[in-house]
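A short worksheet on the structure shown next.
Since every read-out is calculated from the coordinates, none of them should be taken as a lab result. Given the structure is predicted, the values throughout are model-derived calculations rather than measurements. Quick reminder, even Gly has a Cβ in these numbers, built from the backbone with ideal geometry, and neighbours come from all protein chains shown.
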Amino acid sequence: MCIKRHKDFKNQLRHRLTSAQKCCGARPTQVPPIFLVVNTCLDAEDLKALHDTLVVSLSLIPLYALAHCFNYQTQVHELSCAECSKSYVFCGDEEYMQKQIRDMLTTTRATPCTGQPMSQQDFGAASFLLPALAHDPRPFANDKRALRCTGVAVSVVIGLLETTFPNTGAHIVIFVGGPAMEGPGMVFYEGLAKRSFNNGRTVDPFAGCLDQVGSLEMKSLPNSTDGVIVLSDSSAMSIFKQSFLCMFNKDDQDFLQMDFNAMFDAQAKLKISGLIGHAISAGKKSACVGETEIGIGQTTSAAIYFETVTPAGQALSPGSRGLIQFVTHYQHSSRWMCLCVITIARNFAEASSPSIASSFDQEATTILMARITVFKAEIDDSPDILRWLDRTLIRLCQKFADYRKEDTVSFRLTDNFSIYPQFMFRLRRSQFLQVFNNSPDETAFYRHILNEEAVNNSLITIQPTLMSYTFDVEPQPVFLDSVSAKPDAILLLDTFFHILIFNSETVAQWRKAVRVTDFKKNHVLPVDDHFDPTHSLTRSHNFLHDLCQQSPFK
């Protein structure tokens, strides 16, 4: 199963576990290449902005890295070939097999130009990129869309990788400027996703367009390979640029903070039901695989759901423990293969044991339930999904709440259950399940993020946080209610996808006329606390909106 960001998962499991990680192998592996697939059917302004961003990214790629550019309709450019400027042209309405691509490019692993590391002199490839990324000259009617061949472009890149870098991890970054109007479509994408997964490739679609770009149809590519989806209104927006450049963040040893070609395996004394997340089943059969299938079943995987199975009529032995071991093999950007092993032990308990209630984690349970519910909604988007979610909450309250029948006032939940019903209330009304007023691309994006992020960030996508900033009190969380709008407070609403700042009437007056220095100090603080585009690629999808009500000053 292809999962490249195992480290966040490992950090979440550090509590009461043992972990070990080491680099292995007799010698370094092939340098993982990075392919940039660029759509040139863009407005001049967007294309210029995208070009400038690509030039900056070339300066961030380490000297040992392999960089290739591919623009459609439909050309392959060798950025590391200093002897001459080389490109190969393909037809955008035809499907190319791997053998056809190999024969047309006449490339092998011994070819001197293809696959050579970048050097300082090769940064002159950026100047080669300037004339190459010209607007596509093919004419189209004013009432028609440009003929984009995204499916064929991705197919050619994957075929090129299969030919020149077999069984080597890679990143394929697709810059999409609109929907695919020529060549194969959705079913074809699913086939490309399987080919990418089988060879350890990660596909990252970046869309900078007001129009629908087909993220719904393309979602199998990033979802199956644990890629990143970025949606913005234009490639000229800072959010688009920052998100892309975050991919090239480096560690203290100047290696890219990305892993490649990971295989994740789980062994346990429990039955593994399956996975819901960005992966494909390895199709591995073992005694650990359970009969109840959740998400991607018949697999050993990362974000895993378990079931307890004992022989018929036999109870659990007193003091028995459940052991789980996660084993991850992956290729580090330094070219070494790494092995990470995490072992967890938990005590078994009877269904009536009070230890179950005392150890209940309502935040983690909320995200697990959210993933299951969204997975069901992907298959059958009907009101039955919400009814199932309601019934699940009712059963939990019946089992763990204290109440007297026919007396609603007596209903009580302990502290570690108290917020869970509120989370379910928000989940029912979230953009993950209520798709009205969201485009298909936006729905695919939101659901992708839910399966990508850790517990804390995923909770924010379901229930936003509201922080209050005043001059005399430290910033503090407040209720999501209008009563939190104090006359002298600045409110910051963080929904993960958007950040909204509200200035009260008094603050608006200060901002307009008085206490400018103090206001500036306090007004910038909310942004600094919640918006760090270099910290997390996905987190930099936020948009800042400065709202000021009860005042004409904007």
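From a point 7 Å beyond the Cα of MET263 in the direction of its Cβ, which residues of the range 188-213 have a backbone N at a distance under 19 Å? The answer is 194-202. Rounded to the nearest 0.05, the FRET efficiency derived from the C-beta distance between ASP93 and VAL309 at R0 = 56 Å is 0.60. Once both labels are positioned 7 Å from their Cα atoms along Cα-to-Cβ, the gap between ASP407 and ASP488 label points is 4.5 nm.
Under the combined filter of DSSP loop state and at most 12 neighbouring Cβ atoms within 10 Å, the range 373-448 retains these chymotrypsin sites (Phe, Trp or Tyr not before Pro): PHE436.
Treating only the Cβ of Lys, Arg, Asp and Glu as charged (+1, +1, -1, -1), what charge dipole size does the range 296-450 show about its Cα centre? Round to the nearest 20 debye. Mind dumping the intermediate values first?
On the way: 16 positive and 15 negative charges, 42 e Å.
Once rounded to the nearest 20, the dipole reads 200 debye.
Here the range 380-475 is assigned +1 on the Cβ of each Lys and Arg and -1 on the Cβ of each Asp and Glu. Its dipole about the Cα centre then comes out at about 520 debye. As a calculated quantity, the FRET efficiency between LYS144 and TRP336 at R0 = 45 Å, using C-beta atoms, amounts to about 0.35. Model label points for THR414 and ASP251, set 7 angstrom from Cα along the Cα-to-Cβ axis, are 4.0 nm apart. With a simple spin-label model that places each label point 7 Å from the Cα along the Cα-to-Cβ direction, the separation between GLU190 and ILE379 comes to 1.4 nm.
Starting from 0.36 nm per residue, how many nanometres of slack lie between LYS399 and ALA345 once their C-alpha separation is accounted for?
In short, 16.9 nm is gained.
Treating each Cα of the range 30-69 as one equal point scatterer and applying the Debye formula with no solvent, the log10 of I(q)/I(0) at q = 0.20, 0.25, 0.33, 0.36 Å⁻¹ comes out as -0.65, -0.87, -1.16, -1.24. Across the range 350-491, the relative contact order, built from alpha-carbon pairs under 8 Å that are at least six residues apart, equals 21 percent.
If r is the Cβ-Cβ distance from GLN212 to PHE360 and R0 is 56 Å, what FRET efficiency results, to the nearest 0.05? Walk me through the numbers on the way to the answer.
Values: r = 41 Å, r/R0 = 0.74.
For R0 = 56 Å, the calculated efficiency reads 0.85.
Across the range 164-279, the mean sequence separation of Cα contacts (distance under 8 Å, 6 or more residues apart), normalised by length, yields a relative contact order of 26 percent.
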